[in-house]
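Please read the structure below before turning to the comments.
Nothing in this text is a laboratory measurement; each read-out follows from the coordinates by a stated rule. Note that the coordinates shown come from a computational prediction; the quantities given were computed from them, not determined experimentally.
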Amino acid sequence: MSQQTQHATSAGSTGGGGGLPPRKRFSGDMVFRWAATASGSMVLVIIAAIAAFLIVKAIPAIQKDNSNFFTTKEWFTDGDQPKFGIAATAFGTVLTAAIALILSVPVALGIALCLSHYAHRRVASVLGFVIDLLAAVPSVVFGLWGRDYFFDPITNLSKWLHDVAGWLPIFGSEGPYGKGILLGSIVLAIMILPIVTSLSREVFLQTPPENQEAALALGSTKWEMIRTAVLPYGRAGIIASVMLGLGRALGETIALALTLGAVFKIDFDLLGSNGVTIASNIASRFGEANEFGRSALIASGLVLFTITLVVNMAARAIIYRRREFVGGAA
């Protein structure tokens with residue numbers, strides 16, 4: 001090896017002659033990576049801490065319960081022989097959330113498409129700002145508004161639905177009307193409407209212009225372009241927005257406590273004065289409950305925590321499989 005080659009090799013080993021600079025032990029990138037990793041791990045620690053707290057506090061009530069916690073509909077935690085369970089509350093939680101999604105998701109997607117592809121830019125900007133403000137309204141305001149101003153219209157609507165379609169089990173109740181699943185679900189649908197709308201609008205705006213222009217160049221109408229280019233591209237984002245709205249619906253407390261009938265039973269009737277959710281039951285009874293009653297309420301909160309966790313994990317799995325499919329197809 002010549003002297004010139006040895007000199008170049010030695011220069012490259014110290015970072016000269018095209019060699020990479022030596023790696024610093026404590027660089028800014030390493031500190032940021034540690035900070036990001038610690039922040040992400042903290043989320044898992046918080047979730048585990050919440051789960052541990054709920055389990056520890058719920059054990060006394062579950063051990064003393066003489067009935068089946070998962071099938072009992074009643075909720076009596078006072079006395080020597082308490083009888084309580086989450087069958088009715090879990091049913092009401094899932095039913096109100098499902099009806100709220102059925103009512104709100106089509107309207108939210110329509111508003112999002114209008115703001116992203118149909119409305120004038122200035123109009124879309126103003127309406128988008130108003131929708132974002134609607135998402136910031138406290139839930140207690142929605143609950144009071146629904147209880148005071150929707151009570152009479154929902155009562156009249158319930159009577160009309162019973163007269164017209166009373167042969168259906170969901171409209172078969174003969175009263176009393178007003179507070180119940182229908183009122184609570186409508187208020188809940190209005191509450192989750194801005195969340196689904198805002199997220200879906202952002203997803204639709206991220207559609208590549210090349211995809212839309214290609215669809216229009218092939219002779220598609222605007223709706224056909226949206227159906228073939230915009231909606232398929234944003235399907236994962238739509239699922240994510242709907243699941244976030246579902247999470248809000250499952251955990252809503254005060255609004256449903258003010259609009260539901262607080263009757264513990266499992267019934268698909270939407271018109272009667274019935275219905276109670278896990279969150280509304282906790283909010284209504286926690287302040288007056290004794291130590292054992294609070295433990296029972298925390299046990300029901302553990303069930304709600306599990307339901308929400310399962311829903312979010314399922315949503316993440318659907319989104320991941322969708323992205324994997326799109327990537328494989330590309």
- Query: When only alpha-carbon atoms count, how far does the range 149-199 stretch along each of its three principal axes, as whole angstroms with the largest first?
  - Reply: 39, 23, 14
- Query: the range 32-170: Rg/Rh from Cα coordinates, Kirkwood Rh?
  - Reply: 1.11
- Query: What angle do you read, to the nearest 10 degrees and between 0 and 90, between the alpha-carbon axis of helix 235-251 and the longest principal axis of the chain?
  - Reply: 40
- Message: Explain nothing, just compute: Karplus ³J(HN,Hα) = 6.51 cos²θ - 1.76 cosθ + 1.60, θ = phi - 60°, for every residue of the range 278-284 in order, whole Hz, x for Gly and Pro.
- Response: 5, 5, 5, 5, 5, 5, 7
- Calculated P(r) tail over 20 Å for the range 198-289, as whole % of Cα pairs: 58
- Query: Using a Gaussian network model of the chain with C-alpha springs under 10 Å, which one of R248, R201, R33 is most mobile by mean-square fluctuation?
  - Reply: R33
- Query: Between the range 51-115 and the range 244-294, how many Å separate their Cα centres?
  - Reply: 8
- Query: Counting each DSSP H run of 4 or more residues in the chain as -39500 (n - 2.57), what helix-only mean residue ellipticity at 222 nm follows after dividing by all residues, to the nearest 500 deg cm²/dmol?
  - Reply: -23000 deg cm²/dmol
- Message: Placing one identical point scatterer on every Cα of the chain and ignoring solvent, what is log10 I(q)/I(0) from the Debye formula at q = 0.08 Å⁻¹?
- Response: -0.55
- Message: Using a Gaussian network model on the chain with a 10 Å cutoff between Cα atoms, which of I50, I111, I154 fluctuates the most?
- Response: I50
- Do you know the Lys pair count in the chain for C-alpha distances under 23 Å, with sequence separation 8 or more or different chains? 12
